[in-house]
1. Looking at the range 321-402, which GluC sites (Glu not before Pro) are in a loop (DSSP not H, G, I, E or B) and have at most 10 other Cβ atoms within 10 Å?
2. So, for the chain, what is the accessible surface per residue at a probe of 1.4 Å, expressed in square angstrom?
3. Find me the longest stretch of the chain that has none of the exposed chymotrypsin sites (Phe, Trp or Tyr not before Pro), where exposed means in a DSSP loop (not H, G, I, E or B) with at most 12 other Cβ atoms within 10 Å.
4. Taking all protein chains in place and a 1.4 Å probe, what share, in percent, of the accessible surface of the range 316-384 do carbon and sulfur account for?
5. Given R₀ = 56 Å, FRET efficiency for residue 2-residue 355 by Cβ-Cβ distance, to 0.05?
6. Given the pairs 212/323; 60/127; 323/345, which are separated by over 24 angstrom at their Cα positions?
7. Please work out how much length the chain gains when fully extended from residue 22 to residue 278, using 0.36 nm per residue of separation minus the C-alpha to C-alpha distance, in nm with one decimal.
8. Give the ranking of 4, 162, 365 by solvent-accessible surface, highest area first, calculated with a 1.4 Å probe.
Amino acid sequence: MLTTLIYRSRLCKSVSSPFLERLSGKAQRFNETVGVTGILLFDGDYFLQILEGQSDAIDKVLCRVSADPHHREIVQLMRDYAPERRFGNLGMAIIDMRNRQPDVLIEEVLKQGTARYPLTYGDRVFKFIRTFVSGPRKSHLSLPDDSRQWRFESDIPSVQVTPSRPDKAACQFALQPVVETSVRQISYLEALIRSPSGGSPADYFAAIPADKLYEADLYAKNAAFALANQMDIGSAQIAVNLRPMSLVMVPGAVNILLEQIASNGLVPEQVVVEVTEDEFISRFDEFEKAIHQLRYAGISLAIDDFGAGFAGLSLLSRLQPEKLKIDRSLIENIQSDGPKQAIVKAIVDCCSALEITVVAEGVETAAEWRWLEAAGIRHFQGYLFARPLLNGLPAVAWPHKI
Ligand SMILES: Cc1cc2nc3c(=O)[nH]c(=O)nc-3n(C[C@H](O)[C@H](O)[C@H](O)COP(=O)(O)O)c2cc1C
């Protein structure tokens, strides 16, 4: 299928025109052999390249492009499919934008077009070109990546305990911290359910009969609060995941939670309930009423896995949580993914207007963390800092500038 790929990148150090000519020559020759066409715009600092061809040929070119040390901060902005090529005559033409007026450049781009229908303002590819040529420079700036200048080291060792009492729910919990790296503090601890043998949440719930699912979910929280008590978490906050329908299907669910919290020596203000819409919330009014009760009791609310499944904007507008956790699927490789960057920036803006704390989940690389921090996120969770530890609190690997 004919694929169109657009990426933006940034030059490493200033280059001479012969460099651009050499680049164009080499690129042109390779692209011709694999049937790729396109154009490359250069404004003296940034590149914007449009590549058209069969998917596997585009990937081959992208591989060469990514390996070139002359540029960095390569961000894919669009990968789409089209009935025909827009720049079908050109293996790779470079348009050097320096010292030239935007309207002249736009004319030049239009002249290169080979599509049956002329490039129009409605065409997304042309819109990317227009913005790059004439839009405010700031709108296409990527955030700097200094990820190679950081190493991650823990200062305090992990702590593990033997659970003090066998729980009726026959489950265990692992703790994973959410960290605020700029002040080197643990923001709060999340208790993640594990099966009796230490298996995943899916393993635990697979062994529960369908008609006991919600009760099991709710009563299991007692073991999480008991672990928090045993670990002596002081005034730190502890978060538990709850299926939204557990609050609806189990009579008196909020009171049961409050009793569990009190009987384990905790106060509601240090508890965060994380909800996600991984199943349809069929009786939303009752669910919302239970949430109001939780809030009235002093318990904090977080929307979990935001951006995955159904956990989306409607839930955010109706619940107005204290915290919003961005799903790992939006975090993975964000430093090179234009659509994810645009979505996460919008989430950060929205949460800043509503005074909601944003947490990035599933952070695994320094490059992801650096991009997210530069975008204004302060709270992080993920293997880069700490993996969940069964019946214990893992050591946190804090960032140190090299
Ligand atoms: C902004 C930019 C655009 C590039 N576009 C292409 C391209 O369209 N096709 C291609 O094969 N290589 C492209 N490259 C990669 C270089 O041309 C590639 O590194 C070079 O062909 C390999 O050269 P070498 O033989 O000196 O290692 C691009 C590199 C840069 C910096």
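1. 355
2. On the way: 19170 Å² over 402 residues.
Dividing the accessible area of the chain by its residue count gives 48 Å².
3. It runs 122-279.
4. 46
5. With a Förster radius of 56 Å, E is 0.75.
6. Result: 212/323; 60/127 exceed 24 Å.
7. 86.9 nm
8. Most to least solvent-accessible, the answer reads 162, 365, 4.
The values are calculated or read from the model by the stated rules, or taken from the named source; none is laboratory data. On a predicted model such as this, the values are computed, not experimentally measured, just so you know. Note that we place each Cβ from the backbone using ideal geometry, even for glycine, and neighbour counts take in every protein chain shown. What goes into the accessible areas is simple: the full protein's heavy atoms, side chains included, and nothing from ligands, DNA or RNA. Shrake-Rupley method; radii C 1.70, N 1.55, O 1.52, S 1.80 Å.
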